[in-house]
1. In this structure, is LEU61 at pLDDT 85 or above and hydrophobic (A, V, I, L, M, F, W, C)?
2. Can you tell me which residues in region 14-53 are hydrophobic (A, V, I, L, M, F, W, C) and under 21 Å from GLY79 (Cα atoms)?
3. Working only within region 7-55, note down all residues that are modelled with pLDDT under 85 and among the charged types (D, E, K, R).
4. Looking at region 21-53, which of its residues are part of a loop (DSSP other than H, G, I, E, B) and either loosely packed, with under 10 Cβ neighbours inside 10 Å or more than 21 Å from the chain's Cα centre (by Cα) (or both)?
5. Are there any pairs with C-beta distances below 8 angstrom linking a residue in region 78-90 that is modelled with pLDDT under 85 to a residue that is assigned to a strand (DSSP E or B) and of a type in the set (D, E, K, R), with the two at least 6 apart or on different chains, and if so which?
6. Within region 92-148, considering only helices (runs of 4 or more DSSP H) that don't extend past its boundaries, which have at least 1 residues that are touching a strand residue (DSSP E or B) at 6+ places or on another chain (Cβ under 6 Å)?
7. For region 97-148, which residues satisfy the criterion of being surrounded by 12 or more Cβ atoms within 10 Å (Cβ to Cβ), over 30 Å from HIS63 (Cα atoms) and polar (S, T, N, Q)?
8. Inside region 1-20, can you point out the residues that are under 20 Å from the mean Cα position of the chain (by Cα) and either surrounded by 15 or more Cβ atoms within 10 Å (Cβ to Cβ) or among the acidic types (Asp, Glu) (or both)?
Amino acid sequence: MEDINEGLNGSSLSSFADDTSLSLPITSIEDVPNLQRDLDTVYTWGSRNNMVFNEEKFEILRHGQHQEIKTETNLLKEGGHEISARQTAKCLGAHLGEDCTFHYHIDETVRRARGMAGWVLTTFYTREPKIMLTLWNTMIQPLLDYCM
């Protein structure tokens, strides 16, 4: 997998385990075909190396001032279907918003931690400090610590 980025023309590729991201600053509509060519290069690499990409997980995150570029351009998956744009994209467990903030990630983390805290409080009747602290440290705190 070390050669997946060979032949890319300007795009930045980053991989960790089975998570791969391709990015390119788009400053004009003329830059979009360059990103599509680099996507096609990655698709070709995948075919050559018997790698099947999970196209259901493909996401586009568009941010910046150029609204006309965001609305008038599309990128395509290997099969020719359009990659859907999202308001947030998940990378290695963290959600980044199109406004380049982590508001959604923080809200989602708090929601999950509250849900787990509620489950702990309704499932375990004891309120013994040692048990409650153990439950907190093993079931709730890791949700809050991940991607900090």
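The values are calculated or read from the model by the stated rules, or taken from the named source; none is laboratory data. Just so you know, these numbers come straight off a predicted model, no measurement behind them. Glycine also receives a Cβ, built like all others from the backbone with ideal geometry; neighbour counts cover every protein chain displayed.
1. Taking the combined requirement at face value, the residue does not satisfy it.
2. LEU22, VAL32, LEU35, LEU39, VAL42, TRP45, MET51, VAL52, PHE53 - these are the residues of region 14-53 that are hydrophobic (A, V, I, L, M, F, W, C) and under 21 Å from GLY79 (Cα atoms).
3. Selection gives ASP18, ASP19, GLU30, ASP31, GLU55.
4. Just the residues of region 21-53 that are part of a loop (DSSP other than H, G, I, E, B), to begin with: 24-28, 49-53.
Listed by number, the residues that qualify are THR27, SER28, ASN49, ASN50, VAL52.
5. Pairs that qualify, where the first residue is modelled with pLDDT under 85 and the partner is assigned to a strand (DSSP E or B) and of a type in the set (D, E, K, R): there are none.
6. Fully inside region 92-148 and qualifying: 103-123.
7. Result: GLN141, single match.
8. Scanning region 1-20 gives ILE4, ASN5, SER11, LEU13, ASP18, ASP19, THR20.
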